[in-house]
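Novice: I'd like to ask you about the structure that follows.
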Amino acid sequence: MAVAVVNTPVGQIGVREDAGAITRLTWDMVAEGEVTPLLNEALAQLSAYFDGRLTQFDLPLQVGGSEFQRAVCDAMSAIPFGDTLTYGEIAKSVGRPAQAVGSACGGNPIPIIIPCHRVLGAGGKMVGFSGAGGVETKVWLLRHEGAAGLLI
């Protein structure tokens, strides 16, 4: 396991690699271990995203947890840059209640790269974000992407 960190407009972000895949992104990690080529690529892609030069991440990811958790992460990963879906829309696609989808979104181990910030409550309501700064960070990310009518 190795962790590398990068400074971003939403704070210092740590990215963890285990066995050749990105397994976690969070705001409270410190660098440890040797920075691998994959971690360098992850940091480069995050920097490009925040600089407005990247709209889709291309990294090997490993999401732990249940099959349902992985299905919700797959559904979130399919939401294009600048678009949003509601918990209810994802719930229909995975065949589970919206509340369960909300819990799975909150358990997303790789936010930003797996874009849980693109998931909104019913009627476009801004609810929850597991990253540092909570909803304020979610709003920043959506504005950065020009999503959800948040251009101001």
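Novice: With +1 on the Cβ of every Lys and Arg and -1 on the Cβ of every Asp and Glu, and nothing else charged, how large is the dipole of the chain about its Cα centre, in debye rounded to the nearest 20?
Specialist: Details: 10 positive and 14 negative charges, 112 e Å.
Dipole of the chain, to the nearest 20 debye: 540 debye.
Novice: Taking θ = phi - 60°, what integer Hz values does the Karplus form 6.51 cos²θ - 1.76 cosθ + 1.60 yield along the range 13-25, in sequence order, with x for Gly and Pro?
Specialist: So the J values, rounded to whole Hz, are 10, x, 10, 10, 10, 10, 6, x, 9, 6, 10, 7, 9.
Novice: Tabulate in residue order the Karplus-calculated ³J(HN,Hα) for the range 86-98, using 6.51 cos²θ - 1.76 cosθ + 1.60 with θ = phi - 60°, rounded to whole Hz; enter x for Gly and Pro.
Specialist: Result, ordered by residue: 9, 4, x, 5, 5, 4, 4, 6, 9, x, 9, x, 4 Hz.
Novice: Can you run the Rg to Rh ratio on the range 69-110? Use alpha carbon positions and the Kirkwood inverse-distance Rh. Before the final figure, lay out the partial values.
Specialist: On the way: Rg = 9.4 Å, Rh = 10.2 Å.
Reported Rg/Rh (Cα atoms, Kirkwood Rh): 0.92.
Novice: Report the far tail of the P(r) of the range 71-152, meaning the percent of Cα-Cα pairs longer than 17 Å.
Specialist: Of all Cα-Cα pairs in the range 71-152, 37 percent lie more than 17 Å apart.
Novice: Now a separate question. What distance in nm separates the simple spin-label points at Lys92 and Ala48, each placed 7 Å from Cα in the Cβ direction?
Specialist: Between Lys92 and Ala48, the simple spin-label model gives 3.4 nm.
Novice: Let me ask something additional. If all Cα-Cα distances of the chain are sorted into 5 Å bins from 0 onward, what percent lands in each bin, rounded to whole numbers?
Specialist: Going from the shortest bin to the longest, the percentages are 2, 10, 20, 23, 21, 15, 7, 2, 0.
Novice: So, in nm, how far is label Arg70 from label Thr55 when the simple model puts each one 7 Å beyond its Cα toward the Cβ?
Specialist: Those two pseudo-labels are separated by 3.0 nm.
Novice: Further question: For Ala122, what charge total do you get from the other residues with a beta carbon under 14 Å from its beta carbon, if Lys and Arg give +1 and Asp and Glu give -1?
Specialist: Taking every other residue near Ala122 into account, the sum is +1.
Novice: Between Glu32 and Phe81, what length comes free when the chain is fully extended (0.36 nm per residue of separation minus the Cα-Cα distance, one decimal in nm)?
Specialist: Difference between extended and current length: 14.6 nm.
Novice: Name the long-range amide H neighbours of Leu61: under 5 Å, sequence gap of 5 or more, or other chain; modelled H, no Pro or chain starts.
Specialist: Ile22
Novice: Can you run phi through the Karplus equation (6.51, -1.76, 1.60; θ = phi - 60°) for the range 37-53 and list ³J(HN,Hα) in whole Hz, with x for Gly and Pro?
Specialist: With coefficients 6.51, -1.76 and 1.60, one gets x, 5, 5, 4, 5, 4, 5, 5, 5, 4, 4, 5, 4, 5, 7, x, 9 Hz.
Novice: How much of the accessible area of the range 1-98, in percent, comes from carbon and sulfur atoms when a 1.4 Å probe is used?
Specialist: Numbers: 2480 of 5190 Å².
Looking at the range 1-98 in its full context, I get 48 percent from C and S.
Novice: Of Val15, Phe57, Ala2, which is farthest on the positive side of the dipole of the range 1-68, counting Cα position, with +1 on Lys and Arg Cβ, -1 on Asp and Glu Cβ, and the Cα centre as origin?
Specialist: Phe57
Novice: Using only Cα atoms, figure out Rg for the range 1-77 and give it as a multiple of 2.2 N^0.38 Å.
Specialist: Here the Cα radius of gyration is 1.10 times the empirical estimate.
The values are calculated or read from the model by the stated rules, or taken from the named source; none is laboratory data. None of the values given here were measured: they were computed from a predicted structure. Virtual Cβ from ideal backbone geometry, glycine too; neighbours counted across all protein chains shown. Note: accessible area is taken over every heavy atom of the protein model, side chains too, but ligands, DNA and RNA are not part of it. Shrake-Rupley method; radii C 1.70, N 1.55, O 1.52, S 1.80 Å.
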